[in-house]
Amino acid sequence: MKILNNKAKQFLTLIIKLTIIGLAFYFVKNQLAEKPLNLDILRESLNGKYAYLYIFIILLLTFLNRFIEILKWRNLIQVIEKISIWESTKQVLSAITLGIFTPNGIGEYAGKVLFYKKEDAGKVILLNMICNGVQVIYAISFGLIGVFYINHLHNFIPDIYFLYLFLILSAAVILILSIKNIQIKGFSLESIFKYIGEIKKSIHRKNLILAFCRYFVLMNQYYFLYKLFDVEIPYFVLIGVVSAVYLLASSLPNFQIIDFALKGSVAIFLFGLFGVNEWVIAIVATLIWMLNLVIPISIGSLFVLFYKPNKTIQEK
């Protein structure tokens with residue numbers, strides 16, 4: 001009976017996720033149907049005065065986005081063993097590839113575990129949680145600032161909902177503190193916090209700096225893409241909208257392979273408040289998806305294809 005209940009829960013979760021994704025696609029389709037694609041948008045953007053400079057900056061930021069992630073992982077995994085930048089590159093890109101078809105990229109955790117001995121699996125997963133967790137903290141913090149700022153300009157969210165949000169966050173913190181001693185399969189939040197505290201401060205400090213740099217790179221990648229399409233919105237307003245889009249879209253359950261649909265639907269709504277052409281928003285969302293996900297996965301799939309368990313790891 002318990003197995004059936006678990007199966008039912010998994011099925012219900014999948015239905016909810018597919019419904020959210022379906023609604024996102026439907027919203028994007030409806031918004032774009034109202035305004036036919038004008039190919040002049042693409043022609044004009046490529047013929048702009050600073051077009052090639054913007055393209056160069058966008059490609060540079062695309063490289064930096066993943067390279068910083070590679071440096072982050074190399075910095076954290078030294079807790080277990082020191083690895084080269086090349087090895088970190090293989091692990092990061094392989095993990096992204098293995099996580100592409102799983103909800104919210106969960107498969108990424110299993111992907112990195114493959115490169116280490118079984119007894120270190122728990123540590124690898126925890127280090128990956130720290131790696132991604134800091135990024136999430138920045139996304140939430142700056143995303144909330146962005147939401148408050150954009151809402152101050154256009155008041156698209158009633159003030160009462162911010163009160164609800166504050167109460168929910170407060171309840172979540174209280175809940176976490178109250179269950180920190182509860183053990184599940186020998187692990188508890190307190191033991192996890194203790195393990196995190198044992199990691200050298202210099203490693204945490206470097207992780208925080210690199211995570212901030214990656215978030216800054218991502219926000220500016222969006223900025224220069226919109227500049228390429230001649231969107232004239234003040235820098236901090238545009239960054240505020242992007243940070244809000246990133247937060248709101250990332251908070252919904254989704255699959256990375258169609259991540260552009262969710263981010264695109266949220267972006268169309270928020271950028272629509274500033275009169276940005278819906279096709280420009282859709283194109284930017286698709287380009288971000290291709291640059292930050294499709295290209296790394298294309299490279300990562302080669303690492304996965306030729307993956308061979310490390311002999312030294314097997315011997316350990």
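The values are calculated or read from the model by the stated rules, or taken from the named source; none is laboratory data. Fair warning: this is a prediction, and the values are worked out from it, not measured in the lab. Heads up, the Cβs are rebuilt from the backbone with ideal geometry, glycines too, and the neighbour counts pull from every protein chain shown. The protein model used for the area step is the full one, side chains on, heavy atoms only, and it has no ligands, DNA or RNA in it. Shrake-Rupley method; radii C 1.70, N 1.55, O 1.52, S 1.80 Å.
Among residues of segment 81-113 being among the small types (Gly, Ala, Ser) and over 15 Å from LYS123 (Cβ atoms), the one that is modelled with the lowest pLDDT is GLY105.
Every listed requirement among (1) at pLDDT 80 or above; (2) over 25 Å from the mean Cα position of the chain (by Cα); (3) hydrophobic (A, V, I, L, M, F, W, C) is met by ILE168 save one, (2). A single member of ILE41, ILE68, ILE55 is surrounded by 12 or more Cβ atoms within 10 Å (Cβ to Cβ), part of a helix (DSSP H, G or I) and modelled with pLDDT under 85, and it is ILE41.
Here the helices (runs of 4 or more DSSP H) wholly within segment 71-176 that include at least 3 residues being of a type in the set (Val, Ile, Thr) and either open to solvent by less than 60 Å² (accessible area, probe 1.4 Å) or without any contact (Cβ under 8 Å) to a residue 24 or more places away in the chain (or both) are 85-99, 121-154. Of all residues in segment 56-69, at least one satisfies being under 25 Å from PHE212 (Cβ atoms) and of a type in the set (Ser, Thr, Tyr). Only one of the numbered conditions (1) closer than 25 Å to ILE196 by Cα; (2) out of contact with any Phe, Trp or Tyr (no Cβ under 8 Å at 6 or more places or on another chain); (3) not β-branched (Val, Ile, Thr) is not met by ASN155, and that is (1).
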